[in-house]
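J.: My questions all concern the structure below.
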Amino acid sequence: MFHRFAPALIVAAILTGCSATPRYEGAAGANLSAQDEFWAALSSHCGKAFSGGLVSEDEVDADFAAADMIMHVRECSDEQIAVPFHVAIDGKWDRSRTWLVTRTSDGLRLKHDHRHKDGESDAVTMYGGDTDADGSAGSQDFPVDAESIALFEREGLSASVTNVWTVEVDDAEAEAGVFAYQLKRTIDGGAPEDRFFRVEFDLTAPVEAPPPAWGWE
């Protein structure tokens, strides 16, 4: 559900075998915002991949219940982090989704880059939202933005116009680290029915990096 980065960083990643790992350490004693700390936590996993699975129970996600999943913090710069999300259903890998987290002048932004196997963009792509609060070092919420609402309405996906996405991540030094991606919408929030999708990944046991997401070769 998902990429253009500073060329120098990409070259460095190729030469060293993994992507650069920008960290927002700040000066000694500096007060970092929760979003800076969140960015540093996600960046601390750059170049690594992790396995996980579905933990929510909505019936519409039945095909995902037994699917193998890998998330890969594949590319990082000071302004954008790309996290391909690979899903294997019935042994066939779907590499169509990449989560993009970027820094903006007002906070953080999450977008979903969806591609077909030939690398072409899906009709429903680059949707997401911006943070409207500082969040915490381990969790950031991304309410749907106006551009995405217009896209959903145009594509007949009106149920999605109240989406709120959440990304959670622990720093690489955490003893029991977890990365989670979540989609939620509620009747109270204006949705026609409740919707909850959540996948979690074990950050304590890296796995072999998968092939690039479609369109990112």
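The values are calculated or read from the model by the stated rules, or taken from the named source; none is laboratory data. In this text, all values refer to a predicted model and were calculated from it rather than measured experimentally. Reconstructed Cβ throughout: ideal geometry from the backbone, glycine too, with neighbour counts over all protein chains shown.
J.: Please pick out the residue among 90, 106 that is of a type outside the set (Phe, Trp, Tyr) and touching a strand residue (DSSP E or B) at 6+ places or on another chain (Cβ under 9 Å).
T.: Details: 90 fails: touching a strand residue (DSSP E or B) at 6+ places or on another chain (Cβ under 9 Å).
None of the other options fit; the residue is 106.
J.: Counting only residues that are over 16 Å from the mean Cα position of the chain (by Cα), more than 26 Å from residue 171 (Cα to Cα) and not charged (D, E, K, R), give me the strands (runs of 3 or more DSSP E) lying completely in the range 55-157 with at least 2 of them. Please lay out each step first, then the result.
T.: Numbers: elements: 68-72, 80-89, 92-103, 108-114, 127-130, 139-143.
Per the criteria, 80-89.
J.: Just to be sure I understand, how many residues within the range 74-104 are in contact with a helix residue (DSSP H, G or I) (Cβ under 9 Å, 6 or more places away or on another chain) and either polar (S, T, N, Q) or closer than 17 Å to residue 182 by Cα (or both)?
T.: Adding up the residues that qualify gives 4.
J.: Please determine, by comparing only the residues of the range 153-203 that are surrounded by fewer than 18 Cβ atoms within 10 Å (Cβ to Cβ) and among the polar types (S, T, N, Q), which one is farthest from residue 64 (Cα to Cα).
T.: Going through the qualifying residues, I end up with 158.
J.: Now, a different point. When you go through (1) modelled with pLDDT of 95 or more; (2) among the small types (Gly, Ala, Ser); (3) more than 18 Å from residue 216 (Cβ to Cβ); (4) out of contact with any Gly (no Cβ under 7 Å at 6 or more places or on another chain) one by one for residue 47, which number turns out not to apply?
T.: With (1) modelled with pLDDT of 95 or more; (2) among the small types (Gly, Ala, Ser); (3) more than 18 Å from residue 216 (Cβ to Cβ); (4) out of contact with any Gly (no Cβ under 7 Å at 6 or more places or on another chain) applied to residue 47, the lone miss is (3).
J.: Out of the residues in the range 79-111 that are among the small types (Gly, Ala, Ser) and out of contact with any Phe, Trp or Tyr (no Cβ under 9 Å at 6 or more places or on another chain), state the one that is surrounded by the fewest Cβ atoms within 10 Å (Cβ to Cβ).
T.: In the first step, residues of the range 79-111 are kept if they are among the small types (Gly, Ala, Ser); the result is 82, 88, 91, 96, 105, 107.
Filter once more, so that each one left must be out of contact with any Phe, Trp or Tyr (no Cβ under 9 Å at 6 or more places or on another chain): 88, 91, 105, 107.
Numbers: 88: 15, 91: 7, 105: 4, 107: 16.
Among those residues, the one meeting the criterion is 105.
J.: Among the numbered conditions (1) under 15 Å from residue 84 (Cβ atoms); (2) touching a Phe, Trp or Tyr at 6+ places or on another chain (Cβ under 7 Å); (3) not in a strand (DSSP E or B), tell me where residue 199 comes up short.
T.: (3)
So that you can scan it fast, the table gives a plain yes or no per residue for (1) at negative phi; (2) at pLDDT 95 or above; (3) in contact with a Phe, Trp or Tyr (Cβ under 6 Å, 6 or more places away or on another chain); (4) not charged (D, E, K, R):
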| position | (1), (2), (3), (4) |
| --- | --- |
| 126 | no, yes, no, yes |
| 136 | yes, yes, no, yes |
| 147 | yes, yes, no, no |
| 156 | no, yes, no, yes |
| 165 | yes, yes, yes, yes |
| 169 | yes, yes, yes, yes |
